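Take a look at the structure set out below.
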């Protein structure tokens, strides 16, 4: 908290400026332009990492929410026994507590499920396709093990699938992607600090003679360091605003989330999440402030 207080206390001085102190640092040049470019690039990447993290979080929540209360029963039986097996399954489901609804999927619905693999012209009526029953669980849910035993006894051709086998790896992968997005933001922040530190050290080394003269006329190291801090903090702030704006604009024009649930079409922000990237420019300024301040004070000690 003390670091934040020091940062906020110095921001007024940084924004107001000191024309005499500003002359210590060249207004442009390789290091100054590199700071702006680095801040813009890193902010651009940070916004995309944030969008990726939020999108995978929404994806994990949607997959978990949609499939947790849904179960599928697959019935495989000879044509002459299919209706009897189907009736037995429906009877078991109707007499099982914890089930909200159960319905037999139509041929059209099953055709749509198979269409991505076999195309739209699949002759479903000529193939021994199992019948599917969609079961929606109530809040408390049924006893799955007991339901499996009843189905195996009364409808041997019925197989219960609660989607756990393939739902869990998908949700786990989405949650790990969300964590990787957060790690990426941390790495981007650290890289920004390292690059700005190198730029500040390079500028201080290049202005060694000017710093020596300032010391001879009574300038304190804090006064000299403040000039570098102001220059590089403002450069980082401006660059981060440019990178954040460009990244938000690029994300805005990405395709919207598709009904089919395609992942890449859902990469973006929703609702108030559009405000989250606005914290990146102040964060970049905060990182630049401390990176430059630490680098400047250490370099001034070495020069002396």
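Annotations for the structure displayed:
- When every residue of region 265-276 is checked against the conditions, at least one turns out to be modelled with pLDDT of 80 or more, out of contact with any strand residue (DSSP E or B) (no Cβ under 6 Å at 6 or more places or on another chain) and not in a helix (DSSP H, G or I).
- Selection from region 68-100 of residues that are farther than 16 Å from residue 152 by Cα, touching a strand residue (DSSP E or B) at 6+ places or on another chain (Cβ under 9 Å) and assigned to a loop (DSSP other than H, G, I, E, B): 69, 98
- Single condition residue 196 does not satisfy, out of (1) modelled with pLDDT under 80; (2) assigned to a helix (DSSP H, G or I): (1)
- Subset tally (residues that are under 28 Å from the mean Cα position of the chain (by Cα) and either at pLDDT 85 or above or not in a helix (DSSP H, G or I) (or both)) for region 138-175: 1
The values are calculated or read from the model by the stated rules, or taken from the named source; none is laboratory data. Predicted model only: the values in this text are computed from it and were never measured. All Cβ positions, glycine included, derive from the backbone under ideal geometry; neighbour counts span all protein chains shown.
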